[in-house]
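Every number here is computed from the coordinates shown, using simple stated rules; none is lab data. Quick caveat: nothing in here was measured; it's all calculated off a predicted structure. FYI the Cβ positions are ideal-geometry reconstructions off the backbone, even for glycines, and counts take in every protein chain you see.
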Amino acid sequence: MLKRHPEPFLWLLFSAGGVAGALLIPIVLVLFALAFPLGWLPAPEYGRLSALVAHPLTRLALFVACALSLVHAGHRLRYTLYDGLQIQHLNEIIAIGCYGGALVGTIAAAYVLLTV
Amino acid sequence: MGEPFHYTDYHPQWLRPKMSTYWWLQRRSYVAFIAREVSSVFVAWAVAFLLMLVRAIGQGEEAYGQFLVWAATPLVLLVNVVSLVFIVFHAVTWFNLAPAALVVHVGGRKLPGFLIAASNYAAFVFASALIAWLLLG
């Protein structure tokens with residue numbers, strides 16, 4: 001039997017996360033990190049946001065976007081450290097740290113979104 | 001040290017120059033490459049920021065107000081502005097590379113690359129408008 005390598009699957013998740021991050025994060029940051037805190041736009045009323053977050057579809061969409069973005073970030077950081085810092089001998093530790101970090105972040109996202 | 005160096009026939013020596021850790025500072029295109037890769041750290045921060053927002057919304061109106069006040073403090077603003085710059089750089093490079101990753105054939109002809117990139121930008125505009133409408137509309 002052929003030995004299965006996880007690498008193609010990781011690149012697939014990396015791509016999906018790259019798309020999710022590129023499409024969704026800029027507008028979220030522009031609104032919630034700049035426009036609302038600085039008063040450029042009136043911040044949405046609490047009732048509206050709380051109803052939005054309470055909707056299962058919103059939470060599912062947020063979970064998928066967060067999980068994919070975190071795996072994307074972990075995978076890319078792994079290769080940045082590999083290429084950028086010339087520390088190939090630490091390959092395994094870097095991979096465990098990067099994917100482990102993404103996994104911990106994904107579990108935290110699930111916890112936050114389930115307990116809202 | 002001190003040992004005289006000899007060459008031995010048929011025993012090739014490694015000729016592999018050691019790369020500096022700062023090799024990527026040598027050219028603009030290398031700096032751009034590393035900047036694009038470093039955007040991953042800011043993507044992770046943006047996810048954390050979003051989850052903190054969701055948590056604050058879950059905790060009640062007061063916590064939501066406090067979150068917005070905290071987001072307006074100088075350090076958080078600085079981190080978020082830097083994050084936004086890197087993530088927009090990620091988005092632009094990602095959309096521009098899409099034609100290299102995705103080759104679409106329509107009616108036996110290859111669709112030109114700029115159409116693939118343009119459809120990504122259109123999706124970006126649509127997604128941004130949808131989120132703004134859900135929040136403000």
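Odds and ends about this structure:
- Built amide H within the under 5 Å cut-off of B:L111, gap 5+: B:V104, B:H105, B:V106
- Region A:1-102, relative contact order [Cα under 8 Å, separation at least 6], %: 36
- Exposure proxy ranking, count of Cβ atoms within 10 Å, fewest first, for A:T106, A:T115: A:T115, A:T106
- Ranking of B:T73, B:T93 by count of other Cβ atoms within 10 Å, fewest first: B:T73, B:T93
- For region A:1-91: rounded, prolate or oblate by the Cα gyration tensor [a/c cutoff 1.5]: oblate
- Percent of C-alpha pairs per 5 Å bin, the protein assembly as shown, short to long: 1, 5, 11, 14, 16, 15, 11, 9, 6, 4, 3, 2, 1, 1, 1, 0, 0
- Ranked B:S40, B:S119, B:S83, criterion: other C-beta atoms within 10 Å, fewest first: B:S119, B:S83, B:S40
- Helix content alone sets the calculated 222 nm mean residue ellipticity of chain B: runs of n ≥ 4 DSSP H residues at -39500 (n - 2.57) each, divided across all residues, give -24500 deg cm²/dmol.
- Gyration tensor (alpha-carbon) shape descriptor, region B:1-121, a/c threshold 1.5: oblate
- Taking the C-alpha atoms only, the angle from helix B:61-71 to the longest principal axis of chain B is near 40 degrees.
- Relative contact order computed over chain B (Cα-Cα under 8 Å; 6+ residues apart), in percent: 18
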